[in-house]
Amino acid sequence: MHTEKTGDKPTRKRGWSVIDTVIVLLILSAIAGVVYRVADAARQSIATEERPLYAVYFSVEETHMDVLAEIRSFDAVYDPEDGVKLGYIAAYEDTEEGDYKPALSIVPAVNTTGRDRVTASGCFICSEGTMMNGGLLVDGDDRYLTPGTELSIRTDRAILTIRITEIRVHG
């Protein structure tokens with residue numbers, strides 16, 4: 001401790017202390033917290049803006065009916081190779097049963113030897129994309145889906161090879 005005499009009273013020369021450092025860090029963290037909250041609120045308001053949903057209609061040729069029986073309403077649809085989420089299986093409300101059913105239409109496959117082979121058409125909903133030139137550019141994946149494209153998809157319980165038949169704005 002340094003003291004100097006100025007008249008009768010000794011004065012202390014005060015340097016930077018640990019308490020000063022703690023106070024400055026608390027002030028900086030409070031400012032950072034406010035900035036983070038403002039930025040997070042802005043990001044959430046952008047994310048909740050009305051984004052169009054896209055219905056991706058597809059067909060499945062000659063697959064085993066047990067595979068399609070594993071498809072559930074609102075199942076997430078992923079690319080099986082990289083795990084990127086493409087959307088979710090569309091559903092319709094069955095008013096008689098008060099339940100949601102997957103948007104799949106299943107018919108027996110024609111010209112096959114197996115009786116348990118079926119052909120189906122269905123739909124999955126994609127919310128992260130942009131329509132371009134008749135196709136859908138899936139956000140975050142740079143995958144371009146177009147009618148006529150064959151694609152493998154995965155849900156939590158099944159893997160299918162589908163052919164996209166149509167893409168349109170949903171709702």
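Looking at the stretch 124-154 only, could you name the residues that are modelled with pLDDT of 85 or more, under 14 Å from the mean Cα position of the chain (by Cα) and either loosely packed, with under 13 Cβ neighbours inside 10 Å or β-branched (V, I, T) (or both)?
Once the filter is applied, which keeps residues that are modelled with pLDDT of 85 or more, under 14 Å from the mean Cα position of the chain (by Cα) and either loosely packed, with under 13 Cβ neighbours inside 10 Å or β-branched (V, I, T) (or both), the stretch 124-154 yields only I125.
Could you please find all residues in the stretch 14-29 being of a type in the set (S, T, Y) and in a loop (DSSP other than H, G, I, E, B)?
S17
Given the conditions (1) farther than 20 Å from M65 by Cα; (2) part of a strand (DSSP E or B); (3) free of Cβ contacts under 8 Å to residues at least 40 places away in the same chain, and given that M131 satisfies all but one, which numbered condition is not satisfied?
Of everything listed in (1) farther than 20 Å from M65 by Cα; (2) part of a strand (DSSP E or B); (3) free of Cβ contacts under 8 Å to residues at least 40 places away in the same chain, M131 misses just condition (3).
Looking at A120, A109, which one is in the same structural domain as V67 (by TED's automatic domain parsing), in contact with a helix residue (DSSP H, G or I) (Cβ under 7 Å, 6 or more places away or on another chain) and of a type in the set (G, A, S)?
Going through A120, A109 in turn, just one is in the same structural domain as V67 (by TED's automatic domain parsing), in contact with a helix residue (DSSP H, G or I) (Cβ under 7 Å, 6 or more places away or on another chain) and of a type in the set (G, A, S): A120.
Residue check: is Y92 modelled with pLDDT under 80 and either at positive phi or in a strand (DSSP E or B) (or both)?
So Y92 fits the description; yes.
Only one of (1) part of a strand (DSSP E or B); (2) touching a Ser or Thr at 6+ places or on another chain (Cβ under 7 Å); (3) within 13 Å of R154 (Cα to Cα) is not met by E61, so which one is it?
Unmet for E61, out of (1) part of a strand (DSSP E or B); (2) touching a Ser or Thr at 6+ places or on another chain (Cβ under 7 Å); (3) within 13 Å of R154 (Cα to Cα): (3).
Take L160 and decide whether it is crowded, with 17+ Cβ neighbours inside 10 Å and either β-branched (V, I, T) or under 18 Å from the mean Cα position of the chain (by Cα) (or both).
No; evaluated as a whole, the condition is false for this residue.
Go through the stretch 75-89 and give me each residue that's surrounded by 12 or more Cβ atoms within 10 Å (Cβ to Cβ) and part of a loop (DSSP other than H, G, I, E, B).
Of everything in the stretch 75-89, those that are surrounded by 12 or more Cβ atoms within 10 Å (Cβ to Cβ) and part of a loop (DSSP other than H, G, I, E, B) turn out to be D75, D79, P80, V84.
The values are calculated or read from the model by the stated rules, or taken from the named source; none is laboratory data. Worth saying up front: this structure is predicted, and the values here are computed from it rather than measured. Reconstructed Cβ throughout: ideal geometry from the backbone, glycine too, with neighbour counts over all protein chains shown.
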